[in-house]
Ligand code: OAD
């Protein structure tokens, strides 16, 4: 991997020191080192599970009815890594940044790892897999990671018993059910759904107020989230990007978030 030039470290540290309001935009890449697959990398989730069948509520429902085994494989691929994940060095560094400088995190991730690392000012614009809501969006309960793991274990049992659709649906009842009483689903945003509120409205406000954008581990391809960056830039914010591949803004710190962010926070703390 290319080493980050020292000028880039210096410039990034200067921008962080001078900023009055930092907004950090995070995507799947920040959780990659916690063992959660990204979406669009070579081994990303959408390679095996195309979004038209797995990232819309209609597509998912159709797959559940017609291909319960494939549906269960997708759910396991999503749930198990999040159920067993712990915050990595990048999440922890951002929690520390919040203690040092005025910082808000806007994340597209649904894994709850920023909060688990200790960050407080977090907007989850794609919702959270740990929050369960009624089909109409009203809150029901917050699950723990162990609850997600139990769903994965039940899915395995459904497989051992022969992948009947009704067994798969029974296995996922803690997170998804359809009933006259209102049903339940995870509070996540799929394609074609509105972004999560109030997080999305707050995120737009944050863009108007910030003077530094720190983007970490997002390909920036999914709208309208991707537009936040341009809105911040149009409002005059400087921009730093941390990503092995994506280069945009004033300073590129090329590499893995778990290597770059802890070092950046160390430099910020140095006298
Ligand atoms: P993507 O999979 O599109 O992009 C992941 C980004 O992370 C890429 O730019 C990688 O280069 C980078 N990356 C990989 N490993 C990294 C590491 N260790 N450190 C830093 N960066 C790393 O994921 P997102 O941009 O988050 O939405 O995708 C946005 C949305 O697309 C998701 O929220 C989801 C998906 O479809 C919905 O499902 C609605």
Label-to-label distance, nm, for residues given as residue 149 and residue 58 (7 Å Cα→Cβ offset): 3.8
Ranked by how many other beta carbons lie within 10 Å on average, peptides 58-68, 118-128, 228-238 from highest: 118-128, 228-238, 58-68
Whole-number D in µm²/s for segment 225-271 (Stokes-Einstein; Kirkwood sum over Cα pairs; 37 °C, 0.692 mPa s): 276
For peptides 209-219, 82-92, sequence by mean Cβ density within 10 Å, most packed first: 209-219, 82-92
Value of Rg/Rh across segment 110-170 [Cα atoms, Kirkwood radius]: 1.08
Point-to-point label distance, residue 40-residue 84, nm (Cα→Cβ direction, 7 Å offset): 2.8
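Quick one: work out the % antiparallel among DSSP beta bridges in the chain, nearest 5. Intermediate values should be presented prior to the final figure.
Details: 8 of 30 bridges.
Antiparallel bridges make up about 25 percent of those DSSP assigns within the chain.
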Evaluated at q = 0.14 Å⁻¹: base-10 log I(q)/I(0), Debye formula over Cα of segment 68-115: -0.47
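Starting with the highest mean, order 244-250, 170-176 by the number of other Cβ atoms within 10 Å, averaged over the residues of each peptide.
Numbers: 244-250: 15.0, 170-176: 17.9.
Listed from highest to lowest mean packing, they are 170-176, 244-250.
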Candidates 108, 254, 47: whichever shows maximal mean-square fluctuation once the chain is modelled as a Gaussian network with Cα springs under 10 Å: 47
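What fraction of the Cα pairs in segment 4-130, stated in percent, has a spacing above 26 angstrom?
Numbers: 2641 of 8001 pairs.
Tail of P(r) above 26 Å: 33 percent of Cα pairs.
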The chain - Rg over Rh from alpha carbon coordinates, Kirkwood radius: 1.00
Of all DSSP beta bridges in segment 114-271, antiparallel share, percent nearest 5: 45
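Just subtract the alpha-carbon distance of residue 170 and residue 141 from 0.36 nm times their residue separation and send over the number in nm, one decimal.
Numbers: separation 29, 0.36 × 29 = 10.44 nm, distance 1.86 nm.
Between residue 170 and residue 141, full extension yields 8.6 nm more.
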D (Stokes-Einstein, µm²/s), Kirkwood Cα radius, segment 27-88, 1.002 mPa s at 20 °C: 175
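Using only the alpha carbon atoms of segment 192-253, find the Kirkwood hydrodynamic radius as the inverse mean reciprocal pair distance, in angstroms to one decimal.
Numbers: mean 1/r = 0.0819 Å⁻¹.
Hydrodynamic radius (Kirkwood, Cα pairs) of segment 192-253 is 12.2 Å.
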Inter-probe distance in nm under a simple model that places probes 7 Å from Cα toward Cβ, at residue 193 and residue 270: 4.4
Segment 1-73-segment 231-271 distance, computed between alpha-carbon centres (Å): 17
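How big is Rg to Rh over segment 147-243, alpha-carbon atoms, Rh as the Kirkwood inverse-mean-distance radius?
Working: Rg = 19.9 Å, Rh = 16.8 Å.
Rg/Rh: 1.18.
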Length released on extending from residue 233 to residue 17, taking residue separation times 0.36 nm less the Cα-Cα span: 75.9 nm
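Coordinate-derived values only; no laboratory data. For clarity, every value in this text was computed on a predicted model and none was experimentally measured. Heads up, the Cβs are rebuilt from the backbone with ideal geometry, glycines too, and the neighbour counts pull from every protein chain shown.
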